[in-house]
Amino acid sequence: MATGTVHLYVGPTCSAVEVRRRFPDVVVHPPASHGDFFAADLVSGDVAVVVDGYYHHRLGLRHKEYLYALDRGVTVLGAASIGALRARELSAFGMRGSGAVYELYRAGVFDGDDAVAVAHEDSAPYTSLSVPLVNLYAAAQAACAAGVLRSEDVDEVIAALRAEYYPLRTEARVVRILRRAGRAELADWYEERTAADPHVFDQKRRDCLDAVEAARHLVADGAVGQVTGSGGADWKTVFLRVWSNSFAERTGDPPLGHRLAYQQIFSSGYPRAWERYLDETYRRRRPAPAGEAVGDLAESLSRQIGVARFPQPVTHKEDWLFDFVCPVPDLSDPGEVELLLSTEEPGDVETVARYLRQLREFTGRGSGFAVGDDPEVLSGDAAKVLLCHLWEVPPAKLVRECRRRGIPNVRTAIRILQPFVVGAIKDRKYTRVGPA
């Protein structure tokens, strides 16, 4: 039995009302934007159909976010608009393309987003305010079939229309451009046909609806998640991990990012938890060759760099390991999150929630805080003093202690401390004995 869900990202190309009427089982989203593919409701076995995407007023969906979804077992299908262009660009990595617009890109007729770009309203229903070039190309082909335009003149007509900046290319402007280019018969024919049926040359809309139907068949046939060539570790950069984490750390109540920061700041046992995290994730990501034992991260670094480079004898890995490596965790991975929160005690979640409430009361802000955008309660110098007090280390050891707790630098430690300052002072929480 098919269990996957079809997610459609659409705006001006096709009305969400029409899509829902035709396909009530499809989840319709606004045009795709940065972070959409990190959402928890998009899972392996689903199909993401990308038609429209933001590009002016907010960050668009990055190429590596498409790869991230593919790598998680999401089938990604592009059609009709920016989705068709991305499918052409990422076909080697497993993204699928559908429809006439995709074929135009694949054939090299068009190669940029200007062919599908339109001006549109900023909010739903995202009504188009201009005419995309691919629809005008469909009109030119129809004009050839009707004997109104010669096939050898298509390129000239499209070039004249393409010269108009896309937000200004309204239906009325298209007719005027054609007349100015000496194509009065074509202008009259185009105006008459579009007046009778506004969708007569709307290739983007047709491709969108066809792509949704194709996606539904993929789910029904169980032909989802079958991706080859979706990349490897070379595209999984730190930037991608940071993008993913910026969305994952906002999940939950209290947010995951605040729960993790609380452990890093207040748990005396967190350095040991971070050490276990390093070892476990290293074993998982770097499996040993057949027949060889899997060593921990410290042993691997000793072999790669040479143990002579470290203090002798190496009796405690924290003497050097935490100065050497501080990777960015993957907060979208439940296994990594479990390791990172291994020191969390039953009352800690409520304490984090209470500290965030106290912060809101102190600052007079009535809404919750986004992780990473917390107000500054203490100055940097005062925060350093408090960190030294909490961790019982002298200022000279503060950088080392940050690394032992998975915090890359003191600046980050000061930032993640801020939301807890008010509550910690009220609780006189200068130290906390956690599990070893």
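The values are calculated or read from the model by the stated rules, or taken from the named source; none is laboratory data. As the structure is a prediction and not an experimental result, all values here were calculated from the model. Neighbour counts are summed over all protein chains in view; Cβ atoms, including those assigned to glycine, are modelled from backbone coordinates with ideal geometry.
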Being under 21 Å from Pro30 (Cα atoms) and out of contact with any His (no Cβ under 9 Å at 6 or more places or on another chain) narrows Val109, Val118, Val134 down to just Val118
Picked from the stretch 57-81 (must be farther than 13 Å from Phe38 by Cβ, in contact with a helix residue (DSSP H, G or I) (Cβ under 6 Å, 6 or more places away or on another chain) and not polar (S, T, N, Q)), the residue surrounded by the most Cβ atoms within 10 Å (Cβ to Cβ) is Gly78
Output for Cβ contacts, cut-off 7 Å, separation at least six or different chains, first residue on the phi < 0 side of the Ramachandran plot and modelled with pLDDT under 95 in the stretch 99-127, second of a type in the set (D, E, K, R) and in a loop (DSSP other than H, G, I, E, B), reads Thr127/Glu121
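The rows are residues; the columns are (1) surrounded by 15 or more Cβ atoms within 10 Å (Cβ to Cβ); (2) modelled with pLDDT of 90 or more; (3) assigned by TED's automatic domain parsing to the domain that holds Glu336; (4) within 19 Å of Pro346 (Cβ to Cβ).
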position	(1), (2), (3), (4)
Ala248	yes, yes, yes, no
Gly252	no, yes, yes, yes
Arg259	yes, yes, yes, yes
Ile265	yes, yes, yes, yes
Ser268	yes, yes, yes, yes
Leu278	yes, no, yes, no
Tyr282	yes, no, yes, no
Pro287	no, no, yes, no
message: Could you go through the stretch 139-152 and let me know if any residue there is in contact (Cβ under 8 Å) with a residue 60 or more places away in the chain, touching a helix residue (DSSP H, G or I) at 6+ places or on another chain (Cβ under 8 Å), farther than 30 Å from Ala223 by Cα and not assigned by TED's automatic domain parsing to the domain that holds Ser33.
response: yes
Restricting the stretch 144-194 to residues that are in a helix (DSSP H, G or I) and among the aromatic types (Phe, Trp, Tyr), the one farthest from His120 (Cα to Cα) turns out to be Trp189
For Ser123, the lone unmet condition from (1) within 23 Å of the chain's Cα centre (by Cα); (2) among the polar types (S, T, N, Q); (3) in a helix (DSSP H, G or I) is (3)
